[in-house]
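Below is one structure, written out as structure tokens; the observations come after it.
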């Protein structure tokens, strides 16, 4: 975890949470005392973990947690008073928000941090996989577009266009994507 954003209404609450994070000394700790500050911070920063300590001034901690799930890729831990345990509106686990009720033991906090870290690692892997798939999809679309241009302008069949791109890629020591982009550019068509 590179950055941890702590959102707590009081400085003393922040200090208590920072002391619990002492085992994560390598991470940068950001602090916001209310939802407005937190929203401004995430516009410029990309925390991997957000800890929201309820109650908050100006906005409910639950609403802020839901906002953060939609605006960030961070793991979110919502710290709620024990009296909130049976209030349905504060049941946010279905949105991927980890909930811990106060007062809690250090071991409970550490276990929740491990879950948050595991969540963040798994999410990062899924994002990387998604980026690779998006890149592959872009390549397939570009190559397909180039084949269509060869078929349209040079009256090739699909297998001939495919072979043409492969052969030029091998002969010119370029990727099929580079060859496809060159074909598209030669016909002055945007990809």
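Read the figures in this text as sums done on the coordinates, not as results from a lab. This structure is a prediction, so every number in the text was calculated from the model and none was measured. No Cβ is skipped: glycine too gets one built from the backbone with ideal geometry, and neighbour counts run over all protein chains shown.
In the chain, Cα pairs under 8 Å separated by at least six residues give a relative contact order of 14 percent. Multiplying each eigenvalue of the alpha-carbon gyration tensor of region 3-104 by 5 and taking the square root yields semi-axes of 19, 16, 13 Å, largest first, rounded to whole angstroms. Listed options for Rg and Dmax of the Cα atoms in Å are (1) 25.2, 75; (2) 19.2, 59; (3) 18.2, 76. The value calculated from this structure is the one marked (1). Considering all alpha-carbon pairs of region 130-186, what whole percent are spaced by more than 13 angstrom? The calculated P(r) of region 130-186 puts 57 percent of pairs beyond 13 Å. For the chain, the longest principal axis of the alpha carbon atoms and the long axis of helix 11-20 meet at an angle near 70°. When the chain is fully extended, how far beyond the present Cα-Cα distance does residue 136 get from residue 36, taking 0.36 nm per residue of separation? Net length gain for the segment: 32.1 nm. In the elastic network of the chain, a GNM with C-alpha springs shorter than 10 Å, the most mobile of 37, 152, 136 is 152.
Which angle from 0 to 90°, rounded to the nearest 10, does the C-alpha axis of helix 158-172 make with the longest principal axis of the chain? Its long axis makes an angle of about 80 degrees. A crude spin-label estimate for the pair residue 93 and residue 126, with each label 7 Å from Cα along the Cβ direction, gives 1.7 nm. A simple spin-label model places pseudo-atoms 7 Å from Cα toward Cβ; at residue 86 and residue 153 they are separated by 7.3 nm.
Once the C-beta distance of residue 188 and residue 66 is scaled by a Förster radius of 41 Å, the resulting FRET efficiency is 0.30 to the nearest 0.05.
222 nm [θ] for the chain, helices only, -39500 (n - 2.57) per DSSP H run of 4+, per residue, to 500?
Roughly -18500 deg cm²/dmol at 222 nm, from the helical runs in the chain.
Relative to the longest principal axis of the Cα atoms of the chain, the long axis of helix 61-71 makes an angle of roughly 10 degrees.
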